[in-house]
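Colleague: A single structure is presented below for examination.
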């Protein structure tokens with residue numbers, strides 16, 4: 001799995017929601033060619049796929065794209081949605097073990113829930129114990145600092161409606 005830490009820098013993210021790609025997040029300067037981009041992909045790769053692009057040297061997050069997901073709960077969640085206490089900054093994914101690889105595949109259960117103004121993305125069954133926040137994106141990690149949850153929050157009414165419509169098309 002992917003360990004995550006945080007750099008205290010602030011980099012603005014841009015969130016795009018459309019009918020074909022439910023959520024696409026790009027962090028400022030994501031396309032600068034200071035270093036190559038490596039991709040970490042989560043899911044079963046048949047019915048679910050979440051892709052995270054990171055700097056090949058720095059490990060700094062550049063993009064986050066939910067391509068496809070099978071397990072979807074729209075407008076409900078069994079989880080408490082209180083905004084967690086977070087450490088703020090830019091997420092850094094540990095790229096150890098990626099030497100010579102342009103992508104790393106993590107086969108895991110991938111599911112999503114939407115609720116009021118949030119999208120919750122679950123990577124496996126672990127529960128987060130610590131959170132890192134970059135703008136409107138919150139990354140939850142378990143006791144081993146392994147990424148297990150992503151929350152996109154403070155979505156507008158239009159954004160949540162567009163997101164729910166996009167997710168309904170995947171069913």
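Residues checked against (1) in contact with a strand residue (DSSP E or B) (Cβ under 7 Å, 6 or more places away or on another chain); (2) part of a strand (DSSP E or B); (3) at pLDDT below 90:
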{"site": "34", "(1), (2), (3)": "no, no, yes"}
{"site": "46", "(1), (2), (3)": "no, no, no"}
{"site": "53", "(1), (2), (3)": "yes, yes, no"}
{"site": "57", "(1), (2), (3)": "no, no, yes"}
{"site": "66", "(1), (2), (3)": "yes, yes, no"}
{"site": "75", "(1), (2), (3)": "yes, no, yes"}
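Colleague: For residue 121, all conditions in the list (1) outside any loop (DSSP other than H, G, I, E, B); (2) at pLDDT below 95; (3) under 28 Å from residue 9 (Cα atoms) hold save one; what is the number of the exception?
Modeller: Evaluating residue 121 over (1) outside any loop (DSSP other than H, G, I, E, B); (2) at pLDDT below 95; (3) under 28 Å from residue 9 (Cα atoms) leaves (2) as the failure.
Colleague: Still on this structure, I have one more. Picking from 155, 147, which residue would you name as being buried (at least 18 other Cβ atoms within 10 Å of the Cβ) and outside any strand (DSSP E or B)? Break it down into steps so the answer makes sense when it comes.
Modeller: Numbers: 147 fails: outside any strand (DSSP E or B).
The match here is 155.
Colleague: So how many residues does region 126-142 have that are in a loop (DSSP other than H, G, I, E, B) and either touching a residue at least 40 places away in the same chain (Cβ under 8 Å) or out of contact with any strand residue (DSSP E or B) (no Cβ under 8 Å at 6 or more places or on another chain) (or both)?
Modeller: 3
Colleague: Residues that are under 16 Å from the mean Cα position of the chain (by Cα) and surrounded by fewer than 19 Cβ atoms within 10 Å (Cβ to Cβ): does region 158-169 have at least one?
Modeller: no
Colleague: Within region 77-108, track down each residue that is modelled with pLDDT under 90, surrounded by 12 or more Cβ atoms within 10 Å (Cβ to Cβ) and not in a strand (DSSP E or B).
Modeller: Listed by number, the residues that qualify are 77, 79, 81, 83, 84, 86, 89, 94, 95, 98, 101.
Colleague: With the checklist (1) free of Cβ contacts under 8 Å to residues at least 40 places away in the same chain; (2) more than 20 Å from residue 61 (Cβ to Cβ); (3) outside any helix (DSSP H, G or I) in hand, flag the one item residue 111 doesn't pass.
Modeller: Only one criterion is unmet by residue 111, namely (1).
The values are calculated or read from the model by the stated rules, or taken from the named source; none is laboratory data. Since this is a predicted model, take the numbers as computed values, not measurements. Positions of Cβ are backbone-derived with ideal geometry, glycine not excepted, and every protein chain shown enters the neighbour counts.
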